[in-house]
Amino acid sequence: MNNESHRLRKWVVLLFTIQCSLLASMAQERCHYEAADSILIEQLLADGNAQKCDKGQDVLYFARKFLGKPYVAHTLELFPDDERLVLNTRELDCTTYVDIVVALTLCSRRGETTFRQFVHQLHMQRYWNGVCDGYPSRIHYFTDWIRDNSRLGFVTEIQDTQPPFTAVQALKVNYMNTHPQSYVSLKRHPEYLPLIAEKERDLTGRKYRYIPTAQLADSRVLRNTVNDGDIIAITSLTPGLDIAHLGIAVWHDDGLHMIDASSRHKKVVEESITMQQYLRNRRNADGIRIVRLH
């Protein structure tokens, strides 16, 4: 009986491995990229595994590898009629930058070194249940990204009723449905709008605790809350949106800073000012939510 159980377990593991391999292969077939992207990803994974950084520092290791890369918006919108996973390591916006850094880090923590494994990870992060099935299957709001990636065990959002989490974000999400002209896929395919609206209704009414700008002055409390390598999700004041901007947390001697793909600097930068100073310069944001990689 024990031998039979052992053989059964071996077959289950083998079938699971084959399934993962097939999914990774399918994901790569539906991935748009250039040779330079695949070469860079495999080089970074090889180098990252050799570094053997502690958790948090591994995120910063990969985050800093993209410093100076140009900021370019809408790089994912190349196939409005035939959704594909687009990988562009040469041009980044705040979302694609964080998405790629997270995928690199999680692959590295598992000892994975191949481009196929990376594409599979990115596919799982970016699409509902890891399935690319048209534009609505892509995760468009970052709160949904947090929810789905938490369900998959990739990340956890830090929530607490104690300082510095002294504010609550009550979501009212409808920006994509009220601004379809801003999205090429929605302009060409208005039939997607009801599916997007369904996701927006599911988000609306949800509440999340966050760190308001005023609380960012207390570095002592912050240092016990925010770690190097955490994802910083800046809460939005724009009607209909949940998150205004994304970056990677990094501590300097003068306080909490962020590495981000910056539209202001037109490139990936390690911000020279603290998060509090950064938020004081933004009218459409009032605090930060914190997400930690597993």
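A compact table of results
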| read-out | value |
| --- | --- |
| Given (1) -0.32, -0.41, -0.80; (2) -0.27, -0.36, -0.80; (3) -0.48, -0.55, -0.83, the label whose value is log10 I(q)/I(0) by the Debye sum over Cα atoms at q = 0.07, 0.08, 0.12 Å⁻¹ derived from this model | (2) |
| For the stretch 103-154: accessible area per residue (Å², 1.4 Å) | 33 |
| Per residue accessible area of the stretch 188-272, 1.4 Å probe, in Å² | 46 |
| Coil-residue trypsin sites (Lys or Arg not before Pro) of the stretch 204-248, DSSP, other Cβ within 10 Å capped at 16 | ARG206 |
| Kirkwood hydrodynamic radius (C-alpha pairs) into Stokes-Einstein, the stretch 61-177, 4 °C and 1.567 mPa s, D in µm²/s | 82 |
| Scattering profile of the stretch 178-289 at q = 0.14, 0.18, 0.20, 0.22 Å⁻¹ [log10 I(q)/I(0), Debye over alpha-carbon scatterers] | -0.67, -0.95, -1.07, -1.19 |
| Rounded percent of accessible protein surface that carbon and sulfur make up, the chain, 1.4 Å probe | 51 |
| For the stretch 81-87, Karplus couplings with θ = phi - 60° (6.51, -1.76, 1.60), whole Hz, Gly/Pro x | 9, 8, 3, 9, 6, 9, 10 |
| Reachable lysines from LYS65, criterion Cα separation under 28 angstrom, eight or more residues apart if same chain | LYS52, LYS55, LYS266, LYS267 |
| Derived scalar couplings ³J(HN,Hα) [the stretch 223-231; Karplus, 6.51 cos²θ - 1.76 cosθ + 1.60; whole Hz; x for Gly, Pro] | 5, 8, 10, 9, 9, 3, x, 5, 7 |
| Unit charges at the beta carbon, dipole of the chain: most positive-side option, TYR97, TYR183, LEU237 | LEU237 |
| Largest to smallest principal axis extent of the C-alpha atoms in the stretch 41-127, angstrom | 41, 26, 19 |
| Principal axes of the stretch 130-241: Cα extent on each, largest first, Å | 50, 29, 21 |
| C-alpha center-to-center spacing [the stretch 218-294, the stretch 38-110] in angstrom | 18 |
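The values are calculated or read from the model by the stated rules, or taken from the named source; none is laboratory data. A quick note: this is a predicted structure, and the numbers were derived from the prediction, not measured. Heads up, the Cβs are rebuilt from the backbone with ideal geometry, glycines too, and the neighbour counts pull from every protein chain shown. Note: areas computed on protein heavy atoms with side chains; ligands, DNA, RNA excluded. Shrake-Rupley method; radii C 1.70, N 1.55, O 1.52, S 1.80 Å.
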